[in-house]
Each structure stands twice: as C-alpha cells, then as structure tokens.
Amino acid sequence: MNNVGRMTTILKQILNSYKLLGECLSVTRVENMLQIHRFSSDIRNSSQTYNELYKYWYNRFISDDILEPEESAGYIFAHLFNKKTISLVPQSCMNNLIPHEKISYVNDLCVKRLKRMPIQYILGEWDFFGVNLKMKPPVFIPRPETEELVKHVLQCIKCRLNNHGSKNSPLKILEIGCGSGAITLSLLHNLKHENVKFVAIDATSHAVQLSKENSKLLNLDMLTKLQILHIECGVAKSILLEKFAPFDIIVSNPPYIPTSDMKNLPDEISMYEDNIALHGGNKGLDVIDGILELAKHMLTKNGSIWLEVDSSHSSIFRTSYADWMVESYKDLFDNFRFCHFRKSI
Ligand SMILES: C[S@@+](CC[C@H](N)C(=O)[O-])C[C@H]1O[C@@H](n2cnc3c(N)ncnc32)[C@H](O)[C@@H]1O
C-alpha cells in the first residue's frame with residue numbers, strides 16, 4: 001500500500017470511530033482531497049497538455065458542485081498565460097505540454113477553488129471599473145453592481161463640478177467602508193485632474209491597509225487628493241472626521257444583509273469574506289442608520305449621499321425616513337439597489 005492509500009485507511013478509521021467528527025468533515029470530502037493529491041502525483045509523472053488538465057479540472061469542478069465551474073477553470077488557466085479570460089488564450093497554446101513545475105502550481109490554485117475560495121482571492125487581483133485591484137481575504141471583493149453605483153456617483157460629481165465653477169475649494173467626497181478601495185480609487189482614477197478631495201474610511205485595519213496598497217499600485221497615493229483612514233462610522237472615533245468635514249458627497253456600499261439572509265450565503269462568501277463587511281444587523285440598517293446620523297452634521301447644505309442597499313430597503317426609506325428625500329435606482333438584476341439621499345427642507 002502506498003502512502004496515500006495508508007493515509008486514506010487511517011483517516012477512514014478515525015472518522016468512522018468518531019461519528020460526530022465524521023459528520024462534520026465527511027469521509028467523502030477527505031477522500032476527494034486525497035484523490036486530488038493522488039491525481040497530482042500521477043500527472044507529475046505523465047505528459048499532459050494544458051487542454052487535458054483544463055478539462056480535468058472543469059469536470060472536477062462540476063462533480064464537486066463548484067459555483068461557475070467553467071468560469072473558475074477558465075480564469076485559472078487564463079492566469080497561467082497572463083490573460084484575463086480563457087477566450088484570449090490561443091488554442092495552439094492550450095495544446096502545448098505543460099512544464100512539470102506549472103502542473104503543481106495550477107493544481108494548487110484549483111484545489112483552493114475546490115475549497116470554495118473565490119476566484120478573486122485565488123488570483124490575488126480583480127478588475128473594477130477600469131482599475132486593477134489587489135485582492136486579499138477577508139477584505140470584501142467588489143461586485144459588478146457596485147460599478148453601477150460608481151457610474152451614478154461619477155455623474156453626480158461631474159455635475160457638481162460644473163456647478164462648482166471657478167470656486168477654489170475642492171469638492172469633498174467621503175467614502176464609508178472602503179474595503180479594497182474599489183469605489184474611491186476608481187472614482188479618483190477618473191477624476192485625477194479635477195478639483196476633488198477624497199477621504200475613505202473603514203472599520204477594519206486590513207481593509208485600510210489593502211486600500212492603501214491599491215492606491216500605491218495605481219499611483220493615486222502620490223496625489224494630495226486622498227486620505228485613507230482607520231475609522232469606524234457610528235462610534236465616538238467618527239469625531240476624527242470632523243477636521244475634514246463638511247463633505248459635498250458621501251458614498252457607501254455598507255454591510256447591508258439582514259440577519260435572516262446571512263444563513264443563505266454561499267460558502268464562497270461566508271467562509272472567506274469578513275462578516276463585518278456583510279452583516280447589517282436585524283434589518284440590514286445598522287451601519288446605514290449610522291451613516292445617515294453622521295451625515296446630518298457632516299454634509300454640506302446641498303450635499304447628498306449615495307448608498308448601495310438591500311432590495312428590501314428602498315420602501316422603508318420612502319416611508320420611515322422623513323428627514324430625507326430619497327430616490328431609488330435599480331441594478332442590472334432589476335432590484336432597487338441604489339439610493340440617493342438629500343436633506344428634506
Ligand atoms: C460591503 S463592503 C464594501 C467594500 C467596498 N466599498 C466595495 O464596494 O467593494 C463594506 C465595508 O464596510 C466596512 N465597515 C463595516 N462597518 C463599518 C463601519 N461602521 N464604519 C466603517 N466601515 C465599516 C467593512 O469593513 C467593509 O470593508
């Protein structure tokens with residue numbers, strides 16, 4: 001019996017005798033993982049083309065119920081050729097033999113996907129609204145809907161800048177919950193030559209650090225137009241923001257998932273992304289209420305707030321938030337996802 005066979009037998013014995021533990025880990029899962037390692041060592045000793053290995057992993061993702069199996073295999077193999085998508089890799093390259101050292105590299109990436117790690121964390125980067133961002137767990141991965149929020153905010157800022165005219169003071173924008181920096185950095189990338197100033201805050205130090213790293217990678221840290229700060233909105237430390245206030249625009253994609261929906265999240269999200277980036281409390285409104293409270297004294301008279309919200313929220317805002325005039329906008333999936341708040345007169 002070889003080493004892998006011996007390990008399988010020992011693990012089965014442990015799992016079978018500790019039934020409770022067996023239920024948590026599942027014998028099949030362990031066998032699956034061992035099969036992958038057996039596959040890796042088999043393939044190390046044989047010649048394989050990129051295409052053959054791609055097909056193996058694509059089928060493996062299907063049989064293991066991995067979400068978006070084709071995209072998952074596609075992104076990983078495209079990454080081997082420094083391409084963004086598999087359609088950009090010439091078929092002739094896929095028919096080449098894979099060098100041995102690359103086989104274990106690609107297998108390691110695919111095993112991460114089998115463990116439900118999102119593709120953005122596996123690749124360590126992702127494109128968002130024209131900028132390439134470094135991705136690191138557990139910092140929230142920017143979603144395609146949020147690119148639509150950025151479009152709305154960009155339009156709003158450009159409109160304000162036109163009305164702002166020749167004023168010397170910059171238009172000031174605050175982002176609450178910057179995560180990887182997706183919203184602020186993509187906006188600033190598009191507004192490099194405009195008279196704007198951004199302050200981006202986050203409650204977690206790893207998000208602040210990643211936003212700062214991304215600002216450096218995009219050469220946006222050199223501008224005197226950006227501050228990234230470790231501040232939690234809704235607690236006493238928000239006072240630290242007062243020296244930057246008042247703001248003309250506040251933007252946020254806050255944690256907004258109501259408690260009852262948290263249990264429905266796929267493993268990809270619940271196992272890897274920060275809970276503080278997702279869970280918005282009982283109705284998903286905890287951080288949103290904190291933002292609106294802060295905005296009461298940190299927003300200019302004609303200032304406004306752009307928020308990404310849960311689809312259940314826009315009707316609540318219209319009926320129970322009398323201090324604000326609220327307009328709602330749909331996302332590409334036809335859900336009311338974005339709200340624009342202005343102070344009621
Ligand atoms: C849904 S993520 C959005 C991240 C990023 N803006 C994006 O769209 O990709 C929410 C972010 O808000 C941060 N956060 C949660 N509660 C916060 C609070 N009270 N004050 C500041 N940031 C907060 C989380 O750490 C997380 O990075």
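Observations, loosely collected:
- Test: residue in the stretch 181-191 that is assigned to a helix (DSSP H, G or I) and more than 27 Å from GLY290 (Cα to Cα): yes
- All positions within the stretch 308-345 that are free of Cβ contacts under 8 Å to residues at least 24 places away in the same chain and either over 20 Å from ALA295 (Cα atoms) or in a strand (DSSP E or B) (or both): SER315, MET325, VAL326, GLU327, SER328, LYS330, ASP334
- Each residue in the stretch 202-247 was checked for being out of contact with any helix residue (DSSP H, G or I) (no Cβ under 9 Å at 6 or more places or on another chain) and in a loop (DSSP other than H, G, I, E, B), and 2 of them qualify.
- Across the stretch 96-135, the number of residues qualifying as within 16 Å of ASP267 (Cβ to Cβ) and not in a helix (DSSP H, G or I) comes to 4.
- With respect to the conditions (1) modelled with pLDDT under 95; (2) in a loop (DSSP other than H, G, I, E, B); (3) within 15 Å of the ligand (Cβ to nearest atom); (4) not hydroxyl-bearing (Ser, Thr, Tyr), LEU294 lacks only one, and its number is (2).
- Residue, nearest to the ligand (Cβ to nearest atom), within the stretch 235-253, restricted to residues that are under 14 Å from VAL287 (Cα atoms) and touching a Leu at 6+ places or on another chain (Cβ under 7 Å): ASN253
For every residue, the table says whether it meets (1) over 19 Å from the mean Cα position of the chain (by Cα); (2) away from the ligand (no atom under 16 Å from the Cβ).
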position	(1), (2)
GLU68	no, yes
GLU71	no, yes
TYR75	no, yes
ALA78	yes, yes
CYS110	yes, yes
ARG116	no, yes
GLN120	no, no
GLU125	no, no
LYS134	no, no
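- Top-ranked residue in the stretch 180-210 [being more than 9 Å from the ligand (Cβ to nearest atom) and of a type in the set (S, T, N, Q); ranked as surrounded by the most Cβ atoms within 10 Å (Cβ to Cβ)]: SER186
- Residue in the stretch 34-51 that is at pLDDT 95 or above and either in a helix (DSSP H, G or I) or surrounded by 17 or more Cβ atoms within 10 Å (Cβ to Cβ) (or both) present: yes
- Tally, over the stretch 136-176, of residues that are within 16 Å of the ligand (Cβ to nearest atom), assigned to a loop (DSSP other than H, G, I, E, B) and either among the basic types (Lys, Arg) or buried (at least 22 other Cβ atoms within 10 Å of the Cβ) (or both): 6
- Filter result for LYS263 (free of Cβ contacts under 8 Å to residues at least 24 places away in the same chain, touching a strand residue (DSSP E or B) at 6+ places or on another chain (Cβ under 7 Å) and farther than 20 Å from LEU174 by Cα): no
The values are calculated or read from the model by the stated rules, or taken from the named source; none is laboratory data. The structure displayed is predicted, hence computed values, not measured ones. Please note: Cβ atoms are built from the backbone with ideal geometry, for glycine as well, and neighbour counts cover all protein chains shown.
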